[in-house]
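Trainee: I have a structure I would like to understand better, so I am pasting it below and will then ask my questions one at a time.
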Amino acid sequence: MIRLDILVVQKTKYLWSNLWTTETNNYINHSIFTRWYGMKSDKDRCRRAVVDIPPDADPDCPQPCIRQKKPKKGILHKIKLKVIEGGTNFGTPFRRVQCTPKPCEEVVVPEAKALPPPEKKVIPIPEPRPGLQVSILGADTAIGHYVALLLKQCPCIKKLRLYEAKDTQYSDCSRDLCKVVQDLQHIDTNCRVQAFSSACYELERCLQNTDIVLMLESGYLNVDMPFEKRFCCQAPIVKHYADAIANECPKAFIIVCATPIDCMVPLVAETLKETSWYDPRKLLGSLAVPEMRASTLAARALCLEPRYTRVPCVGGTEGMSLVPLFSKAVEYFDFAQHNAQMMTNAVREAQLAVTRCDGSCIKAADLSEAHALAGLVKKVAYALMCQDLSRVTGFVETDASQVISPARYIANTVEIGSGGIVKSLGLPKMTDYETTLVDLALNELFTKQKIAEDWYCKYCISSCRLDACQFHFFTPKSPSRLDDCAYANL
């Protein structure tokens, strides 16, 4: 028997001889080496067998062949094959259902529709009227001519009627009213202008179907004339106007510009109360002229444009009863007391200063007053046509439940709508100096209104019944007459 140690030596000698021969000849005999095991390591330094070494690149196919390991077929694969072939695991046969292929159709995606805009609640507004008719009483003066010229250019006025209060043959007017009307007809607007004269008793014809009545002074008055004398000269004419309005156009909006306005507005109100046609929403005393002068004076003092400043006037319409509120000219700005006092006196004496510059005591501020009055009439016209909610300063009757004062008629800011005066804003917050002036103005207004009521009771009361004068604020008595008295006899 061959000894075991001799056999081990022989095999070891044979192995080393083959290794020595391989290294010397640089030749690898693939048949000698056999992969006995694979050594694994955490790093990429594992030893690989010869079969794992990729072969040389084939010139016909330069891309290396990649081995793909096929997944082993498990039980799920066998179940899938049986189901496709027509059976189940439990041997229950079933019919194979296969959908027939359909040609692909283009799917048209509908366009996304935008959501409709949210509907806004429309407040019902009365339909606007095509145009208004304005009657100017006392148009035989220069102010009446200029106001007619400015109103002829207003698009919301369809008819303009001019009435001369005095016969031009015996008045100081140098131009006949008919010639003025013929001249205004050449202006290229749709407004029609007509002339009416007191000599032919055409006052009723002038006021028929009128929407706005503008009362001007009948002739020029001396500025230095006492207050009572001026009132006695104008009161009979204004009373005649008020009676004609109550008969022909009781629903018209009345703008009183005949001085003194502090007495004429209560006189017109008392006349309409007697005829049961009084509506405080349709009666307004004009403060357009003093407000225009105060706004212009404040704009010049502040070096601003007049359209950016507005100085409301409260109290009365002229003299010591007029109180311009210069503290409201510009927001967050107050004039010093001595400056406010100086400008207040300038506004109160502006009429006298203009007339004396002309060398006489007759009114001479025709152009500026006509511009202010025409602007007021336009605001009222647009408001009555439901096109705007105008805010103006006017001399109106106050609500006794809201204002405690000796005077029933006070100048303040009001809002005008389609039905007339919608809201009276009352007296705003004032400075101490302005509050003192308003207190003095209310006492003077009470005296002036007392004069007008006494004159009316003395000369114009036709009956001893005063029930018609008992009215509440903004609640006129329901009329029992026709809407237009001009057609009552038809």
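Trainee: Out of the residues in the range 409-454 meeting the condition of being within 33 Å of the chain's Cα centre (by Cα) and of a type in the set (Lys, Arg), tell me which one is least open to solvent (accessible area, probe 1.4 Å).
Mentor: Residues of the range 409-454 that are within 33 Å of the chain's Cα centre (by Cα), as a first pass: 409-431, 434-435, 438.
Now narrow it down to the ones that are of a type in the set (Lys, Arg): 423, 429.
Details: Lys423: 106, Lys429: 170 Å².
In this case the residue turns out to be Lys423.
Trainee: If you go through the range 183-235, how many residues are surrounded by fewer than 21 Cβ atoms within 10 Å (Cβ to Cβ), modelled with pLDDT of 90 or more and touching a Phe, Trp or Tyr at 6+ places or on another chain (Cβ under 8 Å)?
Mentor: 1
Trainee: Then there is this: For the range 169-177, check the following and say yes or no: at least one residue is under 30 Å from Asp388 (Cβ atoms) and either modelled with pLDDT under 80 or open to solvent by 10 Å² or more (accessible area, probe 1.4 Å) (or both). First the steps, then the outcome.
Mentor: Step one: list which residues in the range 169-177 are under 30 Å from Asp388 (Cβ atoms), which gives none.
Among the residues of the range 169-177, not one is under 30 Å from Asp388 (Cβ atoms) and either modelled with pLDDT under 80 or open to solvent by 10 Å² or more (accessible area, probe 1.4 Å) (or both), which makes the answer no.
Trainee: A follow-up question, please. Take Thr344 and decide whether it is modelled with pLDDT of 90 or more, in a loop (DSSP other than H, G, I, E, B) and open to solvent by less than 20 Å² (accessible area, probe 1.4 Å). Write out each step before concluding.
Mentor: Values: modelled with pLDDT of 90 or more: yes; in a loop (DSSP other than H, G, I, E, B): no; open to solvent by less than 20 Å² (accessible area, probe 1.4 Å): yes.
It is false that Thr344 is modelled with pLDDT of 90 or more, in a loop (DSSP other than H, G, I, E, B) and open to solvent by less than 20 Å² (accessible area, probe 1.4 Å).
Trainee: Look at the range 241-297 and say how many of its residues are of a type in the set (Val, Ile, Thr) and touching a residue at least 60 places away in the same chain (Cβ under 8 Å). Steps first, answer last, please.
Mentor: Looking only at the range 241-297, we keep the residues that are of a type in the set (Val, Ile, Thr), and these are 245, 254-256, 259, 261, 265, 268, 271, 275, 289, 296.
With touching a residue at least 60 places away in the same chain (Cβ under 8 Å) added as a condition, the list becomes 255-256, 261, 265, 271, 275, 289.
Residues meeting the conditions: 7.
Trainee: Something else now. Take the residues of the range 250-268 that are open to solvent by less than 10 Å² (accessible area, probe 1.4 Å) and in a loop (DSSP other than H, G, I, E, B): which is nearest to Leu322 (Cα to Cα)? It would help to see each step written out before you state the result.
Mentor: Keep residues of the range 250-268 that are open to solvent by less than 10 Å² (accessible area, probe 1.4 Å), which gives 252-256, 258, 260, 262-268.
Remaining after also requiring in a loop (DSSP other than H, G, I, E, B): 252, 258, 260.
On the way: Ala252: 27, Ala258: 16, Pro260: 12 Å.
Out of the qualifying residues, it is Pro260.
Trainee: Another question, then. What tally of residues in the range 310-321 results from selecting those that are touching a residue at least 24 places away in the same chain (Cβ under 8 Å), surrounded by 24 or more Cβ atoms within 10 Å (Cβ to Cβ) and of a type in the set (A, V, I, L, M, F, W, C)?
Mentor: Total meeting the criteria: 2.
Trainee: Which condition number in (1) part of a strand (DSSP E or B); (2) closer than 30 Å to Pro124 by Cβ is the one that Asp399 fails?
Mentor: Checking Asp399 against (1) part of a strand (DSSP E or B); (2) closer than 30 Å to Pro124 by Cβ, the one that fails is (1).
Trainee: Out of the range 294-309, which residues are buried (at least 19 other Cβ atoms within 10 Å of the Cβ) and out of contact with any strand residue (DSSP E or B) (no Cβ under 7 Å at 6 or more places or on another chain)?
Mentor: Taking the range 294-309 as the starting set, the residues that turn out to be buried (at least 19 other Cβ atoms within 10 Å of the Cβ) are 294-295, 297-299, 309.
Scanning the range 294-309 gives Ser295, Leu297, Ala298, Ala299, Thr309.
Trainee: Output the residues belonging to the range 154-165 that are touching a helix residue (DSSP H, G or I) at 6+ places or on another chain (Cβ under 9 Å) and not aliphatic (A, V, I, L, M). Even if it seems obvious, please write down each step before you answer.
Mentor: Within the range 154-165, the first condition is being touching a helix residue (DSSP H, G or I) at 6+ places or on another chain (Cβ under 9 Å), and the residues that meet it are 154, 156-157, 160-165.
If the condition is that a residue be touching a helix residue (DSSP H, G or I) at 6+ places or on another chain (Cβ under 9 Å) and not aliphatic (A, V, I, L, M), then Cys154, Cys156, Arg161, Tyr163, Glu164 are the ones that fit.
Trainee: Scan the range 368-387 and report the pairs whose first residue is within 12 Å of Gln133 (Cα to Cα) and whose second residue is part of a helix (DSSP H, G or I), with Cβ atoms within less than 7 Å and a gap of 6+ or a chain change.
Mentor: Close Cβ pairs satisfying both conditions: Val377/Leu151.
Trainee: Only residues that are part of a loop (DSSP other than H, G, I, E, B) and buried (at least 17 other Cβ atoms within 10 Å of the Cβ): list them for the range 322-334, please.
Mentor: Pass one, the range 322-334, residues part of a loop (DSSP other than H, G, I, E, B): 325, 329-334.
Hits for the range 322-334 are Leu325, Ala329, Val330.
The values are calculated or read from the model by the stated rules, or taken from the named source; none is laboratory data. Just so it is clear, the structure is predicted and the values come from calculations on it, not from any experiment. Quick reminder, even Gly has a Cβ in these numbers, built from the backbone with ideal geometry, and neighbours come from all protein chains shown. Ligands, DNA and RNA are stripped out before the accessible areas are found, and what is left, the full protein with its side chains, is counted by its heavy atoms. Shrake-Rupley method; radii C 1.70, N 1.55, O 1.52, S 1.80 Å.
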